[in-house]
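Read through the structure below, which is laid out as structure tokens, and then see the notes.
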Amino acid sequence: MGVMELPDRCQRLLRLQHGMIATWQADYAGLSVATMKNLARTGRWQRLHHGVYAAFTGQPPRDAVLWAAVLRAGPRSLLSHETAAETYGLINRPSKLVHVTIPQAQRLDPVRGLVIHRSVRDLAQIRDPGLLPPRTMVEETVLDLVQAAADFDDVVALLARACQRRLTFPVLLRQSLASRPKCRWRAEIREALGDVASGVHSPLEHRYLRNVERAHGLPAADRQACAVQNGSVIQRDVRYRRYRVVVELDGAAYHPAEKRLEDNRRDNAAAAQGLVTLRYSWSAVTTRPCQTAAEVAAALRARGWTGQLRRCGPDCQLPRT
């Protein structure tokens, strides 16, 4: 039986599913399970999982691999976690194992190459309504990854990346968070989403805002402030507009020569515009936040700030007054 001899329904299904079909779809496709097995036995098709066939030979492309996984997991299954994140472009590399989520009550033995997650929630409520293969909505995907994050810096990185890449928005993530009363780091995530909405793009920027600026009573700054430099639009990480002070944050442990040269040019151009630029690394923000706050305060006072720093806690390194 050639491809053109397959029933129309079967052909449409194969086109929709990147050449993949499952035996549980046999009735709809108008093709018997015995015929599927025979096509595989004669080498015209190939079996990728138990009960899942590719209507072609050779190495299956990634889209076909993902379809095969979700078909193997059953009619109500969804790609989720790292694999759903891959399909959205939230992570940059394909996940080694394919993650799928199925209903809690569904029986499914372990499947080689798949990570099976079970959910008590109605999967129809968390499925993206317009994308195939079936997958969790991007907001649900982000929060699934948050639950498995090693620390809160990784959480901030996920939230910021999803919003920076315009995959979602803080308000939508808040709505999804509201449906998860037992979510890990719940209160901290709500606060971090507000920071992301205000322009925080990285864990380092979040640490600066939380542990340097807010904790020590520095004035509120603009974040990702646009400026024109040498005819190009650039963004400054932190800008205290009224006092013409800029703070640039860089989490890289090592700066190649070309990056340092670019930073120097950027700082020189800022100086020509009357701006003072302070640069801080991950270490300066995370291990010396009090000293960093004092340095920023000194620059602000030199430009007219009359506020007072406050101690961030009993172990604050600021001198007592």
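Any read-out appearing in this document is the output of simple, stated calculations on the displayed coordinates, not a laboratory observation. A quick note: this is a predicted structure, and the numbers were derived from the prediction, not measured. Using ideal geometry, Cβ is built from the backbone for each residue, glycine included, and neighbour counts are taken over all protein chains shown.
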Of the residues Ala227, Ala29, Ala299, which exhibits the maximal mean-square fluctuation in a Gaussian network model of the chain defined by a 10 Å Cα contact cut-off? Ala227
Could you go through the range 162-168 in sequence order and give the Karplus-derived ³J(HN,Hα) for each residue, using 6.51 cos²θ - 1.76 cosθ + 1.60 with θ = phi - 60°, rounded to whole Hz, and x for Gly and Pro? 4, 7, 4, 7, 6, 7, 7
Can you tell me the dipole magnitude for the chain around its Cα centre, using point charges on the Cβ only (Lys, Arg +1; Asp, Glu -1), in Debye to the nearest 20? 260
Taking amide H positions as placed 1.01 Å from N in the peptide plane, with prolines and chain starts having none, which residues 5 or more places from Gln229, or on another chain, fall under 5 Å of its amide H? Ile234
When the chain is modelled as a GNM with alpha-carbon springs shorter than 10 Å, which of Ala215, Ala69, Ala269 fluctuates the most? Ala269
Tell me the mean residue ellipticity at 222 nm calculated for the chain from its helices only (DSSP H runs of n ≥ 4, each -39500 (n - 2.57), averaged over every residue, nearest 500). -11500 deg cm²/dmol
Taking placed amide H atoms and a strict 5 Å upper bound, the residues 5 or more places from Val115 or on another chain that come that close are Val98, His99, Val100
Between exposed trypsin sites (Lys or Arg not before Pro) in the chain, where DSSP calls loop and at most 15 other Cβ atoms lie within 10 Å, what's the longest gap? 185-302
Across Thr35, Thr141, Thr277, the residue with the highest GNM fluctuation in the chain (Cα network, 10 Å cutoff) is Thr35
Footprinting proxy, His99, His117, His50: sorted fewest to most Cβ within 10 Å, the residues are His50, His117, His99
HN-Hα J couplings of the range 278-283 from phi, Karplus 6.51/-1.76/1.60, θ = phi - 60°, integer Hz, Gly and Pro as x? 10, 10, 9, 8, 4, 4
What percent does the relative contact order of the chain come to when contacts are Cα pairs within less than 8 Å and at least six residues apart? 9
Rounded to whole angstroms and listed largest first, the alpha-carbon spread of the chain along its three principal axes comes to 84, 44, 29
So how do Met137, Met20 line up by other beta-carbon neighbours within 10 Å, fewest first? Met137, Met20
